[in-house]
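Encoded as structure tokens, the structure appears first; notes follow it.
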């Protein structure tokens, strides 16, 4: 997933979230019958109530994660609100977005993998990019083997040499917490060869069985949100035990319906929510706002991100 405009932003973000909760990510998403309860202070107020038990489960999960501790620039922590930041973000002529609020220092970033091919990292840095999340490896959706990204080492070395801050992510297809911990250890080992000063990220994504080659199987097809949350927690615990910061990546659907953030609130969250308004309701540190960004030094499209760093002085 936080700004000072609590009363207005929380009310509007709540209303905006209703449509996402009712249909985000799937044509067959269940609709929720909701009513708003407004008028109390943001710190104590339950913004949304549900009229069904099923809806209440989702919305209690939402409300419990509106506030959590977030690292600040001095190494301490501050209490951060999960309210959407859309009122403090503006779109630029080139399709990028800029944070205009005063509660955070927003850094511009990208995330890359072998799909971006050869990258001129100095040109990337000279264009104003502050950080990069680099895919280090992935687990196959069929047989489940772990594979290093073809350009991981080249990208990590190039980004560091150009002066960017660097984090690493692992595309997970873990089906047990034990496999997730194995992925975390693999990523920790891979990080040892570089100066990594951003989180190591758990990136678990659904694979549509209808999209794979004929005869292939998807080993994660029966995973539930509870299962994925357990894997994410195991991954993050292993990463932090090794001395690195941990984070979880997910889209709106995963955030609202799959992940139980009561088990993950000690870790950073990187939300994939393309658009020109940061309307994701949960507390998050990173926002992937575009899949089709352009950056000097990279041929073709690249994902664009913002990193919200709390300002405490």
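The values are calculated or read from the model by the stated rules, or taken from the named source; none is laboratory data. Computed from a predicted structure; not experimentally measured. Don't worry about glycine lacking a Cβ; one is built from the backbone with ideal geometry, like all the others, and counts go over all protein chains shown.
Residue count for the stretch 170-207 under the criterion of being over 20 Å from residue 147 (Cβ atoms) and surrounded by fewer than 18 Cβ atoms within 10 Å (Cβ to Cβ): the result is 2.
Counting only residues that are in contact with a strand residue (DSSP E or B) (Cβ under 9 Å, 6 or more places away or on another chain) and not in a strand (DSSP E or B), which one in the stretch 285-299 is modelled with the lowest pLDDT? It comes out as 285.
Kindly indicate which of 132, 123 is under 14 Å from residue 302 (Cβ atoms) and assigned to a strand (DSSP E or B). Sole residue among the options that is under 14 Å from residue 302 (Cβ atoms) and assigned to a strand (DSSP E or B): 132. Does residue 255 qualify as being outside any loop (DSSP other than H, G, I, E, B), under 17 Å from the mean Cα position of the chain (by Cα) and farther than 23 Å from residue 146 by Cα? Judged against the criteria, residue 255 is a match.
A count restricted to the stretch 129-157 and to residues that are touching a strand residue (DSSP E or B) at 6+ places or on another chain (Cβ under 9 Å), over 18 Å from residue 198 (Cα atoms) and modelled with pLDDT of 95 or more stands at 8.
Quick check on the stretch 269-282: of everything there that is crowded, with 24+ Cβ neighbours inside 10 Å and in contact with a helix residue (DSSP H, G or I) (Cβ under 9 Å, 6 or more places away or on another chain), which residue is nearest to residue 234 (Cα to Cα)? Once the filter is applied, the top-ranked residue is 269.
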